[in-house]
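In what follows, a single structure is set out as structure tokens and then discussed.
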Amino acid sequence: MPHDADSRPTHGAHGTHERPRTALAWRIGTPVAILLSGALFAVSYEHSDGTDLRGGRYTDLASVVQVQREDTAELTGEVADLNAQIERLSAGLGDRSVNRAQKQVAILSDPAGLTPRTGPALKVTLDDAPEDVLADPTRDPLDVVVHQQDIQAVVNAMWRAGAVAVTIQGQRLISTTGIKCDGNLVSLQGVPYSPPYVIVGIGDPGAMLTSIDADGYVDLYREAAADERGGVLYAEEVLPTATAPAYEGLLDLTYATPM
């Protein structure tokens, strides 16, 4: 049956226009969607720093707790071991060997200079020449100042005479004490001192005076001190009593080792 031209369905005409529009939308939308997805992936990766952004934290938390528990158990074991060592050491304080060692320490503390000593003493003072002598260009500078050898000579003479303690500038000397020149000063155990240098020996003053008189190096120093033109100072004084304090510096020995 023939249809009137006006009665023909119109959806065909509309479909003809809709199809190009849909194809165009897909052609434009698909690349845009892909670009957006890529951008989202990139942002997610950057923020995640290579880790999962999702809620895996419960699994991670369990792992952390397990590690902490293991660490705690290990530390608890170490504490138990240390407590056991403390108990063993505490129990050994009454042991005979420990008592013998403590008595030996007490005996050696005095000759090592770790206890103060008081008694009759000899004080020797060494000093540089006066300023006008030091400024005299005709004088040998080595003859008008105190050197470490001068101090060492007096100290050694006191030790030879049986001094029980010796101090320089009030500082107790021990077997490892070093005396050395440091510019125009003298350094004692790393501490610089300026003249006059006061040396005090605790012991028999008469024996120390005799020992000093017999020392050839001290004789040379005293000859320089007796120079008519002026020179270094040498003075002796017997003290009825003096105290040498206990040594309070470092006891560790530092020495060079081969490379």
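The values are calculated or read from the model by the stated rules, or taken from the named source; none is laboratory data. Remember, it's a predicted structure, so these values are computed and weren't measured experimentally. Backbone-built Cβ (ideal geometry, glycine too); neighbour counts: all protein chains shown. For the accessible areas, the whole protein counts, side chains as well, though only heavy atoms, and no ligand, DNA or RNA atoms are used. Shrake-Rupley method; radii C 1.70, N 1.55, O 1.52, S 1.80 Å.
Quick rundown of the values:
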{"item": "I174 being among the β-branched types (V, I, T), open to solvent by less than 40 Å² (accessible area, probe 1.4 Å) and at pLDDT below 85", "result": "yes"}
{"item": "Residue under evaluation R100, criteria (1) open to solvent by 50 Å² or more (accessible area, probe 1.4 Å); (2) over 20 Å from L220 (Cβ atoms); (3) of a type in the set (D, E, K, R); (4) modelled with pLDDT of 90 or more, criterion not met", "result": "(4)"}
{"item": "Yes/no for S187 being within 19 Å of Y247 (Cα to Cα) and open to solvent by less than 40 Å² (accessible area, probe 1.4 Å)", "result": "yes"}
{"item": "Scan of the stretch 139-165 for residues that are open to solvent by 50 Å² or more (accessible area, probe 1.4 Å) and modelled with pLDDT under 90, ordered by number", "result": "D140, P141, L142, D143"}
{"item": "Counted residues, the stretch 191-217 - those being in a loop (DSSP other than H, G, I, E, B) and buried (at least 20 other Cβ atoms within 10 Å of the Cβ)", "result": "1"}
{"item": "Residue list for the stretch 103-136, restricted to those being modelled with pLDDT of 90 or more and in contact with a Phe, Trp or Tyr (Cβ under 8 Å, 6 or more places away or on another chain)", "result": "V124, T125, L126, D127"}
{"item": "Where A235 falls short, out of the listed (1) assigned to a strand (DSSP E or B); (2) at pLDDT below 95", "result": "(2)"}
{"item": "Residue pairs meeting the criteria (Cβ under 7 Å; at least 6 apart or on separate chains; first on the phi < 0 side of the Ramachandran plot, in the stretch 126-143; second small (G, A, S) and surrounded by 10 or more Cβ atoms within 10 Å (Cβ to Cβ))", "result": "A129/G230; A129/G231; P130/G230; V133/G230; V133/G231; D143/A224; D143/G231"}
{"item": "Where I168 falls short, out of the listed (1) open to solvent by 40 Å² or more (accessible area, probe 1.4 Å); (2) closer than 22 Å to Y221 by Cβ", "result": "(1)"}
{"item": "Which listed residue, of G190, G170, is small (G, A, S), free of Cβ contacts under 8 Å to residues at least 60 places away in the same chain and on the phi > 0 side of the Ramachandran plot", "result": "G190"}
{"item": "T243 vs. criteria farther than 21 Å from Q169 by Cα, surrounded by 13 or more Cβ atoms within 10 Å (Cβ to Cβ) and of a type in the set (V, I, T)", "result": "no"}
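Quick grid of which residues meet (1) in contact with a His (Cβ under 7 Å, 6 or more places away or on another chain); (2) at pLDDT 80 or above; (3) among the polar types (S, T, N, Q):
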residue: D182; (1), (2), (3): no, no, no
residue: L185; (1), (2), (3): no, yes, no
residue: Y197; (1), (2), (3): no, yes, no
residue: V200; (1), (2), (3): no, yes, no
residue: D204; (1), (2), (3): no, yes, no
residue: S211; (1), (2), (3): no, yes, yes
residue: G230; (1), (2), (3): no, yes, no
residue: P245; (1), (2), (3): no, yes, no
residue: E248; (1), (2), (3): no, no, no
